[in-house]
Amino acid sequence: MDKMEKIVALAKRRGFVFQTSEIYGGLSNSYDYGPMGSELLRNIRNLWWSEFIHKREDMVGLDSSIILHPQTWVASGHVGSFSDPLVEDVKTHKRYRADHIIEAFLPDDSGVIVEDMSIEEMGQFIQENKVKSPEGNDLTPPKAFNLLFETEIGSVANDKSKVYLRGETAQGIFTNFKQVLDSTRVQLPFGIGQIGKSFRNEITTGQFIFRTLEFEQAEIEYFFNPNESNWEDILSNWKDGMWNFVTKVLGINEEHVRWRQHTDKERSHYSKDTYDLDYQFPFGWKELWGVAYRTDYDLKQHIEHSKTNLEYLDPKTNKKFVPHVIEPAVGVNRLFLMVLADAYTEDPETGRVVLKLDPKLAPYTACISPLLANKEELVTKAKELFNSMKSKYHLVWDARGNIGKRYAAQDEIGTPFCVVVDFQTLTDNTVTVRDRDTGEQERVAISELSQYINDRVEKSA
Ligand code: GAP
């Protein structure tokens with residue numbers, strides 16, 4: 001098994017990620033997050049919110065609808081041009097992304113930037129190089145396939161109107177810009193951030209939760225006056241914030257992340273400059289998080305289409321203008337996959353798997369157990385300890401099987417501390433605390449246990 005297969009197997013075995021609707025044979029590019037996965041996802045989401053909304057005086061949060069007025073997507077350009085280039089296997093009729101087929105065909109050192117190719121250039125490349133489908137058959141020329149999910153509102157057939165599930169959370173921020181200005185005391189420069197589900201009709205295979213139909217985005221639109229603030233400085237500050245979040249807050253190895261600037265051809269038409277923060281996933285360097293200077297494009301588009309004035313009145317000059325934006329946009333599920341991949345370790349000799357998650361991220365901070373499940377006095381003492389600490393930390397109770405199996409199970413879900421109540425506890429009120437990463441055990445007084453755990457979780461913060 002390669003590393004990715006091992007991560008997928010661990011994710012299923014330990015309740016991090018399940019295939020959606022598995023009992024019905026699954027649904028392509030769709031996954032559910034199990035008991036451990038939902039905790040990890042929540043921890044990542046909460047850290048993002050705390051770091052980028054709560055700890056900054058220039059940021060506010062938002063939670064907009066998934067279904068917006070359909071004109072939103074006409075104004076943003078998604079209805080017209082939010083598409084992927086698709087090719088079809090002429091025999092099996094399976095569809096593939098033309099750019100992915102070309103990437104897989106090219107050697108690693110080809111130097112060809114597939115993102116720079118137009119749809120016509122991709123077609124030409126496939127024809128000239130006789131590129132085949134993964135099944136070895138000819139491919140149709142690429143066609144643009146819109147990624148927006150369409151649905152309808154209205155109950156009777158002739159009363160239905162077409163709407164879209166949002167393709168990005170960003171547009172809900174732009175459409176609420178004026179409401180946020182009017183209802184709060186924000187002044188430029190300031191940002192609005194939100195976390196929520198987005199939907200894209202993605203045709204792709206084999207990348208687990210990297211690219212899915214339904215995913216969670218954490219996006220920020222940071223508004224500023226281009227005559228007062230230098231966009232390069234703002235962009236650079238956000239790049240620092242993103243790097244810091246990944247390497248310091250989530251504790252990812254710096255060697256596994258890098259910046260990549262978009263080329264002029266690759267960059268979206270509305271953007272003046274874009275960088276991707278790439279992570280070295282087991283299947284290669286891929287975009288984790290993007291940051292783009294979107295100028296005043298979106299607000300101007302919404303002014304034109306909604307006929308609403310979305311200008312900002314500068315309190316110093318009394319002049320009105322349309323602010324510009326820098327947008328850092330990340331997928332929470334991609335952060336999750338990165339965290340799993342970076343934490344996954346396997347002892348080459350014993351095969352023992354340990355998920356070395358940063359303690360702040362771990363689904364459980366500590367596991368509490370009695371040494372022996374059939375000794376009433378140990379169980380009672382361990383339960384007392386559990387109850388006295390449960391409001392402070394997310395704890396798991398485990399009295400199943402032998403202690404070695406419990407440790408192995410906790411290592412695989414990344415629990416940093418295993419606390420065991422044994423016979424000595426009954427005489428001197430101390431417990432053993434086993435460290436997940438070193439496997440070493442220390443005796444700690446129950447009265448000092450919270451502080452002991454706190455010090456170690458805080459150290460990682
Ligand atoms: N508002 C800008 C925007 O949506 P994007 O590059 O299309 O830009 C931003 O998406 C981030 O959302 C990506 O960097 C990635 O982390 C995540 N993302 C995009 N499509 C995704 C998908 N199908 N599955 C999971 N995450 C996705």
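Coordinate-derived values only; no laboratory data. In this text the structure is predicted, and so the values were computed from the model without any measurement. Note: ideal-geometry Cβ built from the backbone for every residue, glycine included; neighbour counts use all protein chains shown.
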* Asked: Antiparallel as a % of all DSSP beta bridges within the chain, to the nearest 5?
  -> 85
* To do: Please tell me which of these pairs span more than 22 angstrom C-alpha to C-alpha: Lys143/Lys307; Lys239/Lys272; Lys94/Lys130; Lys91/Lys286; Lys178/Lys319; Lys55/Lys178?
  => Lys143/Lys307; Lys91/Lys286; Lys55/Lys178
* Based on the alpha-carbon gyration tensor of region 134-271 and its eigenvalue square roots a ≥ b ≥ c, which shape applies: rounded if a/c is under 1.5, prolate if not and a/b is larger than b/c, or oblate? -> oblate
* Net dipole in debye of the chain [+1 Lys, Arg Cβ; -1 Asp, Glu Cβ; about Cα centre; nearest 20] -> 1160
* **Calculated diffusion of the chain, Stokes-Einstein form, Kirkwood radius summed over Cα pairs, 37 °C and 0.692 mPa s, µm²/s** => 131
* Asked: Between Val74 and Lys55, what is the label-to-label distance in nm when each label sits 7 Å out along the Cα-to-Cβ direction?
  -> 4.3
* **Kirkwood Rh in Å, taken over all unlike Cα pairs in region 415-461** => 11.0
* Structure fact -> Any aspartates and glutamates whose Cα falls less than 16 Å from that of Lys160, other than same-chain ones fewer than 8 residues away, would be Glu150, Glu152
* Which of Gly80, Val353, Ala292 sits farthest toward the positive end of the charge dipole of the chain, with +1 on the Cβ of Lys and Arg and -1 on the Cβ of Asp and Glu? -> Val353
* To do: Report the percentage of all Cα-Cα pairs in region 86-144 whose separation exceeds 12 Å, rounded to a whole percent.
  => 62
* Kindly express, to the nearest 10 degrees and within the range 0 to 90, the angle between helix 297-306's C-alpha long axis and the longest C-alpha principal axis of the chain. => 70
* Structure fact -> For the chain, averaging the sequence separation of alpha carbon pairs under 8 Å that lie six or more residues apart and dividing by its residue count, the contact order in percent is 13
* Structure fact -> Among Pro363, Met389, Thr427, the residue whose Cα sits farthest towards the positive end of the charge dipole of region 356-459 (+1 at Cβ of Lys and Arg, -1 at Cβ of Asp and Glu, taken about the Cα centre) is Pro363
* Could you work out the helix-only [θ] at 222 nm for the chain, with each DSSP H run of four or more residues adding -39,500 (n - 2.57) and the total divided by the number of residues, to the nearest 500 deg cm²/dmol? -> -9500 deg cm²/dmol
* Once the Cα gyration tensor of region 1-147 is diagonalised, what are the square roots of 5 times its eigenvalues, in whole Å and ordered largest first, as equivalent ellipsoid semi-axes? -> 35, 25, 18
* **Principal axis dimensions, largest first and in whole angstrom, of region 45-125 by Cα** => 53, 36, 24
* To do: Kindly provide the Kirkwood hydrodynamic radius of region 356-459 in Å, to one decimal, from all pairs of distinct alpha carbon atoms.
  => 13.5
* **Cα centroid of region 57-113 to Cα centroid of region 264-281, whole Å** => 13
* Asked: How long is the gain from Glu440 to His305 if the chain were fully straight, where each residue apart is worth 0.36 nm and the alpha carbon distance is subtracted?
  -> 42.2 nm
